[in-house]
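Encoded as structure tokens, the structure appears first; notes follow it.
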């Protein structure tokens, strides 16, 4: 028996409405995914985090209330990271020692590489590597699921963030370690280091300028 014209019209309307609903759901999911991946914005409160460090301790942003926090995204296999850790300059280690040791300031290295990807470390491996290269962050945060990295919009290794010691824990720097986007250690000495210049501004009672720069390096090796 053939369907009536009205029944056919109703079926087509139902099909169209179903397609519209599916498109809306897909668009909503894309918007949500984009929101989750949005970079942390200088001037806003820094995203909270709760991750395990290489000593097995849960570390949260609240723990560091009243302190300035320097976040360094790292990946031991990345040539741009090696640039800053290699002899003879050992640039990153010097920064960790100089600025992580300041009063009310902590330096946290973050590993967001997923298992099986470049830069991934188990806790004991992370500690052993830090000892080998002479790194001295206050803690190494392990973020293999990438939740912390994506909440900050960490894109590269290295990627640097500075969080202020104010009540809101305001993000005051987001970007590159310096203005020489190469993997050549010979360029370190002639570069403007944004951690150094940023803390010089803070010591003078001024805002970090620029507060946002484009990070460079290897892409963070997220699971997806």
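Just a few scattered comments:
- Residue count for region 168-195, restricted to those that are surrounded by 15 or more Cβ atoms within 10 Å (Cβ to Cβ) and outside any loop (DSSP other than H, G, I, E, B): 11
Every residue, every condition in (1) free of Cβ contacts under 8 Å to residues at least 24 places away in the same chain; (2) assigned by TED's automatic domain parsing to the domain that holds residue 169; (3) over 18 Å from residue 154 (Cβ atoms), yes or no:
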position	(1), (2), (3)
86	no, yes, yes
89	no, yes, yes
98	yes, yes, yes
105	no, yes, yes
111	no, yes, no
114	no, yes, no
122	yes, yes, yes
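- Of the residues making up region 188-224, just one is on the phi > 0 side of the Ramachandran plot and over 20 Å from the mean Cα position of the chain (by Cα), namely 205.
- Qualifying residue in region 204-215 (condition: out of contact with any strand residue (DSSP E or B) (no Cβ under 6 Å at 6 or more places or on another chain), closer than 12 Å to residue 158 by Cα, part of a loop (DSSP other than H, G, I, E, B) and in contact (Cβ under 8 Å) with a residue 12 or more places away in the chain): yes
The values are calculated or read from the model by the stated rules, or taken from the named source; none is laboratory data. These figures come from a predicted structure and were not determined experimentally. We place every Cβ from the backbone using ideal geometry, glycine too, and count neighbours over all the protein chains shown.
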